[in-house]
Amino acid sequence: MSTHELKTGPLEYRTQEGQMSILGFWIFLGAEVVLFSTLFATYAVLFGRTADAPVPADLFEPGITLVMTFLLLTSSFTCGLAIHQMRAGSLKGLITWLVITLGLGLGFLGFEIYEFIHYAHEGATLQSSSFWSAFFVLAGTHGVHVTLGIGWAVLLIIQLVKRGLTPVTSRKVFVISLYWHFLDVIWIFIFTSVYLIGMVV
Amino acid sequence: MSKNTKHVPVQHIIGFLLSIVLTLLAVWAALGSNLPVAWIIIAIMALAIIQAGIQLFMFMHMTESSSGGGHVPWNMMFHGFVLAAIIVAGSLFTMSFGFHHDHGSHTDHQEESSHQHD
């Protein structure tokens, strides 16, 4: 590789390109914070405007949302363990924990799809009221992010199998770990301000 | 800061356990306690912010020394969070503050209250 490559420290930070890619991804995450804040603001403003559709307190269930939360929290944890394995130089450990992370992410997605279909059957759809529009756009945007993250990680696992741990692949894995933890941050706020407050108010 | 030279990722395990405890605490505060609604909302939002901090600092390597602080653009992230707070608080302040939209009670709110129910 290049002559500027460092000999110590985490693999993904050893090249200038790796450092700049990670910096750039943080800037992207800053923009994502603002994107989601507009959706949260819309949801908060339209809260309670359910028109003739069911009210959230009748549809939100503590059980399923708690299961979804724990699935995503655990997947964030296993993603952290994957990076820990990567830093320890274990390709096998990294791929194992990444696959577990993806499994948990798929589980989360499955529950979310089931939940949306259930709401639609109860008469709460994207078109039924401004409240439910805001809800589905907010939760749906998060769900789309999870879906994209899963596809992205699958492609990365293929690269890891083919190329092994290099400064480039480890940088890519580190960036997706940041993305995955960030999705958990967003979900914490959806869980709290949408589901918990929706069940209380 | 970073524990990655150790065999066991202590920081991650602590962060994971803390986030589970905080989630259960928020659920209890919302559904199990008899606090006034305003206090519940303040309490669970505070718990959510603490949990977000756990993710950012304990999972996302924001402050590790071995990679030079994780190359986090602090000013950009701070800017992002400030904008998020302004957008959410500002929208609520301008659009919802002091306005009650109970479906049952139609007090004479001029003609605009009928539009708000759409």
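Computed from the coordinates by the stated procedures, all read-outs in this text should not be read as laboratory data. Just so you know, these numbers come straight off a predicted model, no measurement behind them. Note that we place each Cβ from the backbone using ideal geometry, even for glycine, and neighbour counts take in every protein chain shown.
Counted by neighbouring Cβ atoms within 10 Å, the residues A:His142, B:His61 run from fewest to most as A:His142, B:His61. Between B:Ile49 and B:Phe93, the distance separating the two model label sites (each 7 Å from Cα on the Cα→Cβ line) works out to 1.5 nm. Placing +1 on the Cβ of every Lys and Arg and -1 on the Cβ of every Asp and Glu, with no other charges, gives the protein assembly as shown a dipole of roughly 1900 debye about its Cα centre. Put in line by how crowded their Cβ is, counting other Cβ atoms within 10 Å and starting with the fewest, A:Phe25, A:Phe47 read A:Phe25, A:Phe47. With both labels modelled 7 Å from their Cα along Cα-to-Cβ, the A:Tyr114 to A:Thr147 distance reads 1.9 nm.
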